[in-house]
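To keep things clear, I will list the structure first and then write my remarks on it.
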Amino acid sequence: MSPRRRDRGFTLLEALLALAIVAVIGVAAYQLLDSTARLKSGGEVRYRALGELQRGVRLLEEDFAHAVVVPGAGNDAEDPAALDSAPAEGVFALTRTGWRNPLALPRSRLQRVSWDVDEDGRLLRRAWPGVETGKAEDAQLRVVAEGVESLELRFLDASGDWQDAWPPEDARVATAAETAGAAPQPAAALPVAVELRLVQQQLGEVIRVVPLR
């Protein structure tokens with residue numbers, strides 16, 4: 001008769017080795033899943049930021065495209081300029097037309113709007129009914145985008161020169177006597193084009209040049 005075979009189990013070393021292999025596989029699987037989740041989450045954040053940024057740039061371009069000179073506005077120190085890069089609040093303010101009135105309300109189609117970037121990185125648009133800019137709390141406030149670091153503008157004048165401010169410093173004040181019955185003076189006029197430089201945390205810098213004439 002053949003000798004009886006003796007049943008033997010795993011040794012302690014083999015069991016520890018198996019546990020170590022399972023642990024390594026588990027850690028690798030967790031890291032893979034975690035990396036995939038992070039990529040998905042980061043992609044969603046960037047996608048949302050891209051959508052907000054596109055809407056913001058499109059709305060900025062729309063405001064500039066509808067910018068209008070109101071006869072007499074900006075020629076007096078108390079009148080708002082058609083486009084002002086140094087308003088009391090915000091980055092810039094302008095008067096625009098094309099304010100939709102689907103209910104046919106008895107109001108002007110002109111609207112004063114201002115744009116700003118607050119300390120929380122929100123790109124804000126404020127709109128007032130009419131040409132005059134009232135109190136900030138009276139404006140219709142819209143949070144256009146978040147994660148915005150800065151919004152900077154440059155202005156192309158009729159001579160083909162880029163200006164850092166609008167109206168240019170030498171044209172910010174014009175008296176009513178000088179402009180009575182005349183075409184709008186530089187203080188009230190619009191630039192030929194505006195360059196927008198918007199910096200977003202996730203997406204970096206976006207530059208657009210918007211023609212106004």
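Overview of results
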{"item": "Test: residue in region 33-43 that is at pLDDT 75 or above and in a helix (DSSP H, G or I)", "result": "no"}
{"item": "Residues that are open to solvent by 30 Å² or more (accessible area, probe 1.4 Å) and in contact (Cβ under 8 Å) with a residue 12 or more places away in the chain, drawn from region 200-211", "result": "GLN201, GLN202, LEU203, ILE207, ARG208, VAL209, PRO211"}
{"item": "Of residues in region 113-131 being in a loop (DSSP other than H, G, I, E, B) and open to solvent by 20 Å² or more (accessible area, probe 1.4 Å), the one farthest from PRO80 (Cα to Cα)", "result": "ASP120"}
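The values are calculated or read from the model by the stated rules, or taken from the named source; none is laboratory data. Just so it is clear, the model here is predicted, and its values are computed rather than measured. Glycine also receives a Cβ, built like all others from the backbone with ideal geometry; neighbour counts cover every protein chain displayed. Remember, those area values only see protein heavy atoms, side chains included, never the ligands or the DNA or RNA. Shrake-Rupley method; radii C 1.70, N 1.55, O 1.52, S 1.80 Å.
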